[in-house]
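Reviewing the structure listed below.
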Amino acid sequence: MAGLTSPLARKVICFVWIIAILLSEIGFFFSSTNTCTWPDPKSVSTATDAVQHVLIVADPQILDEDSYPGRNKWLMALSVFVVDMNLRKSWRVVKHKQPDAIVFLGDMMDNGRANTSSQQCVYSFSHSVTASLMLACLLPRHQAYLERFRHIFSAPRSLPVYYTPGNHDVGLGHMPDASSLARLRYKTAFGPLNQHIFLANHSIALIDAPALVDDDRLRASSRQSDALPRELQEIQFIRSLNNAGDKPLILFSHIPLTRPYNADCGPLREKGHVDAGSGYGYENTLSPETSNMLLKTFRPSLIFSGDDHDYCEYRHELPTDRENPTNTAPRTVLEVTVKSFSMAMGIRRPGFHLLSLAAPEAPAGVETFAHRPCVLPDQIKIYLGVYVPLLVLTLIAVVYLGYMASDGVAPMREKRDGSIERKEGSPRLPLPASASTSSSKWRSHGQPGIVRRVWGEFYRIAWPPLLLYGLIVLMLFW
């Protein structure tokens, strides 16, 4: 920096910050999605074959003020803001994939099941500042929470969006702090708890997994472990009415199906395994009885689940088809547990999933669907690996520039004959009599003078990048 004049140094540092912000807040996100393209099913032979694209999003779990009990309210507000901004950036670039349909795999809101009937001001970064405050203070708390979710994950009205309930949406087990209206609120906001739809002539079953967990004890006590709950019987009946028994069925469940302890999840998982376990308001996997019931009843061609937050692939053995022993369909089915879409769910790189469906008119044994996992940028790494080092280097440069400008003396160098030569363009001021230049500066001008100059240098460097960052925030939250 000694070879740069102060104005040029400020411009260089400012330019570096602007490039870093553009890359970190926009470039990295678009780059991560552009490299993950829609897969083509094996049955697709020409570019003119009709393929329907389905975007799968799991566990966005937008935060509220009760997500981390005991956290300082200002720190909690900052957490909500940072996570919301990350979700908005991710969703904005993911929408550029232009899907034909979207499926949310549950846990849309972190405290969607909570008893939040009171009318009070809550964190709501949904619109402009004024509209946000009005929305947060005038609407009931849960309604403002729901509107925030809808604004973050906005989609064209013509685009079909389907939801599966998660334990954070409707509750699971005995939860005194959960609202008795959680399921009614869910159905009002997101639609049926169980659904059967058709996409590209494929049968799609979206099931209420938390209800299956709640029904486990009841079925076990009545010794009817293979009995199908009434809602799923309706799905099976509707499927039979539509002659969909011979069409590929894709099953969507918020909670993963059972599997052996420490079963391998494949190389894309960040850490750990999907193992059976339970606690207050959650269940890691469906029971073996429930899992077997679903596999036996629906005989799915593919399964998608969420809840775990990390990626996992596991292949289940399908029960023998006693009704059709000559069935040549595959004896195993792949279950994909989709990554959480949120940076706050204990994984470094959030993600989503792409599913392509082609009309099932291919020869036997040829898959009419294809899927691909996609990952989003590591937001924590951006903060710690880009912004923090750059801030430290900027502060060092600012202190240096402010210190060198504190009494108007430019950098100098000593000639071979011992005389002092000022750099070209530096002011011609008398040199300090003391050999200790730094001590002279502090005595003649005092510490406050240097602090003011350092702050002035920092302000001149910081305001353009901060203005750019503010415009990006305004664009995301508008």
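Just a few scattered comments:
- Local electrostatic count at residue 65 - Lys and Arg +1, Asp and Glu -1, tallied over other residues with Cβ under 10 Å: +1
- As a calculated quantity, the FRET efficiency between residue 478 and residue 71 at R0 = 35 Å, using C-beta atoms, amounts to about 0.80.
- Among the listed pairs 97/187; 42/247; 89/339, those beyond 22 Å (Cα-Cα): 97/187
- Table column - 3J(HN,Hα) (Hz), the range 60-71, Karplus curve with 6.51, -1.76, 1.60, x for Gly and Pro: x, 6, 4, 7, 9, 5, 9, 5, 10, x, x, 6
- The residues neighbouring residue 152, those whose beta-carbon lies less than 11 Å from its own, together hold a net charge of +3 under the Lys/Arg +1, Asp/Glu -1 convention.
- Highest mean packing comes first when the peptides 201-207, 189-195 are listed by Cβ atoms within 10 Å, giving 201-207, 189-195.
- Packing-based order for 461-472, 57-68, using average beta carbon neighbours within 10 Å, highest first: 57-68, 461-472
- Cleavage-rule hits, trypsin sites (Lys or Arg not before Pro), the range 151-206, DSSP coil, Cβ neighbours within 10 Å at most 16: 157
- Spacing of the two label points (7 Å from each Cα toward its C-beta) at residue 8 and residue 467, in nm: 2.4 nm
- Net charge contributed by nearby residues that have their C-beta within less than 13 Å of residue 88 (K/R +1, D/E -1): +3
- Between residue 31 and residue 143, the distance separating the two model label sites (each 7 Å from Cα on the Cα→Cβ line) works out to 4.5 nm.
- For the range 158-223: relative contact order, % (alpha-carbon pairs under 8 angstrom, 6 or more apart): 37 percent
- Using a Förster distance of 35 Å, the FRET efficiency for residue 452-residue 270 (Cβ separation, nearest 0.05): 0.15
Coordinate-derived values only; no laboratory data. Because the structure is predicted, anything quoted here is derived from the model rather than measured. Glycine gets a Cβ as well: all are built from the backbone with ideal geometry, and neighbour counts include every protein chain shown.
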